[in-house]
Amino acid sequence: QVQLVESGGGLVQPGGSLRLSCAASGSIFSINVMRWYRQAPGKQREFVAGISSVDYIVYADSVKGRFTISRDTAKNTVYLQMNSLNTEDTAVYYCNTELRHSSDSQELYAYWGQGTQVTVSS
C-alpha cells in the first residue's frame, strides 16, 4: 500500500556533504514518524535520526552536530542533510516510517525503503 523511495546517495570525499531524500506514496492518512537507519558491511543496522509528526527529533550520538533531519509534510518527504562526512559514515542508508492508513483506525503500519548507498572515500 505504501512505497518509500530514497535518493541522493553517492560517492563523496571526506569532509564533504550529501542530502538524502525519502518520499512516501500510496495509501497514507497520516505519518507518525519517519526515521533514517544505516548499515555498513559486517555491522548491524543502526538508528541514525528520526522526526515525528510534531517535530520531535532524535539523533544518534555518532551524527549529532553533523547531520540534520527535516521533513516536508505536504510532500510526505523526509530529508537527511549530512555534513562533515567521514569514512565511518559509509553505509547503505534506509528510510523507515510508521503511519496510519485510515481515519477509521489508529493502528500504525511500518514500511522500509530500498536503501541508498553512501560511500565516503578519498
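Summary table below
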{"read-out": "Calculated diffusion of the stretch 1-59, Stokes-Einstein form, Kirkwood radius summed over Cα pairs, 10 °C and 1.306 mPa s, µm²/s", "value": "116 µm²/s"}
{"read-out": "Globularity index of the stretch 25-106, i.e. its alpha-carbon radius of gyration over 2.2 N^0.38 Å", "value": "1.19"}
{"read-out": "Loop-located chymotrypsin sites (Phe, Trp or Tyr not before Pro) in the stretch 1-91, at most 10 other Cβ atoms within 10 Å (DSSP)", "value": "Tyr56"}
{"read-out": "Magnitude of the charge dipole, the chain, Cβ model with Lys/Arg +1 and Asp/Glu -1, debye to 20", "value": "200 debye"}
{"read-out": "5 angstrom amide H check on Ile28, placed H, neighbours 5+ away", "value": "none"}
{"read-out": "Built amide H within the under 5 Å cut-off of Gly115, gap 5+", "value": "Glu6, Cys95"}
{"read-out": "The stretch 1-83, accessible surface, carbon-and-sulfur percent (1.4 angstrom probe)", "value": "48 percent"}
{"read-out": "Heavy-atom accessible area per residue - the chain, 1.4 Å, Å²", "value": "54 Å²"}
{"read-out": "Positive-end residue, the chain charge dipole about Cα centroid, Cβ charges, pick of Ser103, Phe29, Pro41", "value": "Pro41"}
{"read-out": "Euclidean distance of C-alpha centroids, the stretch 11-42 and the stretch 65-115, integer Å", "value": "5 Å"}
{"read-out": "Mean separation of Cα contacts under 8 Å, 6 or more apart, over the residue count of the stretch 19-115: relative contact order %", "value": "35 percent"}
{"read-out": "Magnitude of the charge dipole, the stretch 38-102, Cβ model with Lys/Arg +1 and Asp/Glu -1, debye to 20", "value": "100 debye"}
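The values are calculated or read from the model by the stated rules, or taken from the named source; none is laboratory data. All of these numbers come straight from a predicted model, not from anything done at the bench. Virtual Cβ from ideal backbone geometry, glycine too; neighbours counted across all protein chains shown. What goes into the accessible areas is simple: the full protein's heavy atoms, side chains included, and nothing from ligands, DNA or RNA. Shrake-Rupley method; radii C 1.70, N 1.55, O 1.52, S 1.80 Å.
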